[in-house]
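Trainee: My questions will all concern the structure given below.
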Amino acid sequence: MKLINTYSNIDELKEVIRERNLDIPFSDNLEILKENLELNGKVIPNKLAIHPLEGCDSELNGAPSKLTERRYLRYARGKAGLIWLEATAVSKEARANDKQLFLNHETVNEFVGLVKKIKEESLKSGNQVPYLVLQLAHSGRFGENKIIAIHDEKLDELSNVNYNTPVITDDELKELENFYVEASKLAKKAGFDAIDIKSCHKYLLSEILGARTRKGIFGGKYENRTRFIKEVVDSINKEVGIDIAVRLNISDFLHYPISWGTNKKGEVDLSEPLKLIEELREKGVKLINVTAGSPYINPHINRPADGEEKKYTPPEHPLIGVERLIKFSKNVQEKFRDIIVVGTGLSWFRHFVPFVAAGMVEKGYCKIVGLGRMAFAYPDFAKDIIENKKMEENKSCITCNRCAELKAHQEITGCVIRDKDVYLKPYMKILRKSKSKR
C-alpha cells in the first residue's frame, strides 16, 4: 500500500484515483471555501469546519480545563467558520470517563467563559466569530458505566460488555430525554449557536437506531427505533429554542439485525437513514454531520488511515474509505439541497485537502467540509487555506492515529507529532505501559 506522503505531487494522486475509478472530486477554485452560509438568521463565515474530537482533558467535574481552553482558542485563531465542540455528557452516567466534558448547573459558568473567550479570540485575531455547535452525548456501551440498549453477543464482545449487564429501560430512556432538554437549555445559556444530538459511532443513541431486537417503544420497527431522537428534537424545539444539529451515522457497517443503515443481506442500505434525515428536516434540523462506523470496532470506516506495523492495519486502501465517506455526504446533500451537510474523512489527504474540499463543495457533495484529526495537528488549517490558498505539508496530520490511542487510554488527547511538547509525554507513558505488560 502506497502512503500518501510518498506521492510527489497532486497529479500523481489524481492518477491513482483515476486508475481506481473513484469518485473523489478536485478543484482549484479555493475561493469557494471562503463563501459564507446563512443558517436560521446566523452567519457561518466560511465553508471549513472543526470536527468534534475529544481531548480527554476536562476537570473532574466536567468543566473545561486550561488545556481544553488552549485547544479551542487555537481553533478560534485558526479561522474555521464552524467549530463543532466535542462530545459533552448530558448526565454523570453518560460520561465516557472522568476526563470527558460534562455540562451541568455546576459547570455551566465555565462553559459560558469558554464560549466568550472563543468569540473574543476570533475577533482579536481579525476573524469573524465562528458558528459554535456543542455536541451533546451519551457514551452508552463505550462508557465506564456500560449503559446499553440491546444485548448482542458479537457486539458485546467487541465492546467488552458483560452478558449480564442490564439493558436501559424505556422509563430510563424517557427520563434521559429530560437530560438532553436540560443540557440544551444550559448550552443556550452558555452562548452556543446550536446543539448536536450525537447519534453516531454506536454510542447510545446510535445503538438505539439499530435496535431491531429490542422490545418496547424504543426498539423493533423503524418508528420505534427513531422515536427517541425525534422526541428529543420535539422537546428541545418546544422548551428551548436553539438550533439543532445531528452528527449521524449513515451506516454502522456491522451485522444485521443490530446495524443501522444495513439490510438483511448485510449490505449498506440508506433508506432508513435518509428517511430519518427527512423527518428531522421537517422538524427544523438543517445541519447534518455525516459519518459512519465506530472508532472502537471498525476505525477504517470513519477515519481512513495508513496504519502502522504491529498496530491496526486497515483491510482496504484508505482511498476506498475516503470515497465511501464522500459518497455518503453526496447522497445526503443531493437529496436535501436545503440543508447544510458537513462532509468528513479528508484528513488522509494531508496538504492536498483544500483541493478535495473545494471539489466537494463545488460539485454539491456537501456545503461545508470538516476536519478532525487534521485540526488536532493543524488548528489553523482554515486560515492557511483562506489566506494562502494552500496547506503546509510539514504542519499537516499524517493520520498515524496516535491521537486515537491517547483517547483510548484516557490520556489527554492531541497531536503527538505536531504538538509534541504537550502530547508526546502522555503517549510515551502508553508505550511504557504496553511494554511492561509483555
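The values are calculated or read from the model by the stated rules, or taken from the named source; none is laboratory data. All of these numbers come straight from a predicted model, not from anything done at the bench. Glycine gets a Cβ as well: all are built from the backbone with ideal geometry, and neighbour counts include every protein chain shown. What goes into the accessible areas is simple: the full protein's heavy atoms, side chains included, and nothing from ligands, DNA or RNA. Shrake-Rupley method; radii C 1.70, N 1.55, O 1.52, S 1.80 Å.
Trainee: For the cross-link pairs LYS116/LYS383; LYS395/LYS425; LYS79/LYS124, which exceed 18 Å when the distance is taken from alpha carbon to alpha carbon?
Mentor: Pairs exceeding 18 Å: LYS116/LYS383; LYS395/LYS425.
Trainee: Oh, and also: Taking just the alpha-carbon atoms of the chain, what radius of gyration and Dmax come out, in angstrom?
Mentor: Spelled out, the Cα radius of gyration and Dmax of the chain are 20.3, 58 Å.
Trainee: Highest first, please rank the peptides 326-338, 369-381 by the mean number of other Cβ atoms sitting within 10 Å of their residues.
Mentor: Final packing ranking: 369-381, 326-338.
Trainee: Please report the accessible area of LEU60 (heavy atoms, 1.4 Å probe, ligands and nucleic acids excluded) in Å², nearest 10.
Mentor: Solvent-accessible area, nearest 10 Å²: 130 Å².
Trainee: Inverting the mean 1/r over all pairs of different Cα atoms, compute the Kirkwood radius of region 297-374 and quote it in Å.
Mentor: After inverting the pairwise mean of 1/r, the radius is 13.0 Å.
Trainee: List the aspartates and glutamates whose Cα lies under 16 Å from the Cα of LYS42, skipping any in the same chain that are fewer than 8 positions away.
Mentor: Reachable aspartates and glutamates: ASP193, ASP243, ASP338.
Trainee: Report the dimensions of region 134-285 along its three principal axes from the alpha-carbon atoms, largest first, rounded to Å.
Mentor: Its Cα atoms span 42, 32, 24 Å along the three principal axes.
Trainee: Here is a further query. Counting Lys +1, Arg +1, Asp -1, Glu -1, what net charge surrounds GLU231 among other residues with beta carbon under 10 Å of its beta carbon?
Mentor: +1
Trainee: How about region 167-228: which trypsin sites (Lys or Arg not before Pro) there lie in a loop by DSSP and see at most 13 other Cβ atoms within 10 Å?
Mentor: LYS215, LYS221
Trainee: Compute the projected area of the convex hull of the Cα atoms of region 2-85, averaged over all viewing directions, and report it in nm² to one decimal place.
Mentor: For region 2-85, the mean projected area of the Cα convex hull comes to 9.0 nm².
Trainee: Now for a different question. As a test of the formula, what do you get for the chain when each DSSP H run with n ≥ 4 contributes -39,500 (n - 2.57) and the sum is divided by the residue count, at 222 nm and rounded to the nearest 500 deg cm²/dmol?
Mentor: Calculated mean residue ellipticity at 222 nm is -11500 deg cm²/dmol.
Trainee: Distance check, please: which entries in LYS202/LYS286; LYS117/LYS327; LYS230/LYS330; LYS66/LYS407 exceed 26 angstrom between their Cα atoms?
Mentor: Beyond 26 Å between Cα atoms: LYS117/LYS327.
Trainee: So how compact is region 246-308: Cα radius of gyration and Dmax in angstrom?
Mentor: 13.0, 44
Trainee: With Cβ to Cβ distances under 10 Å as the rule, what net charge do the other residues near GLY241 carry (K, R +1; D, E -1)?
Mentor: Result for the neighbourhood of GLY241: +1.
Trainee: Can you pull out the GluC sites (Glu not before Pro) in region 139-237 that DSSP calls coil and that have at most 14 other Cβ atoms within 10 Å?
Mentor: GLU144
Trainee: With +1 on each Lys and Arg Cβ and -1 on each Asp and Glu Cβ, and nothing else charged, work out how big the dipole of the chain is about its Cα centre, in Debye to the nearest 20.
Mentor: 760
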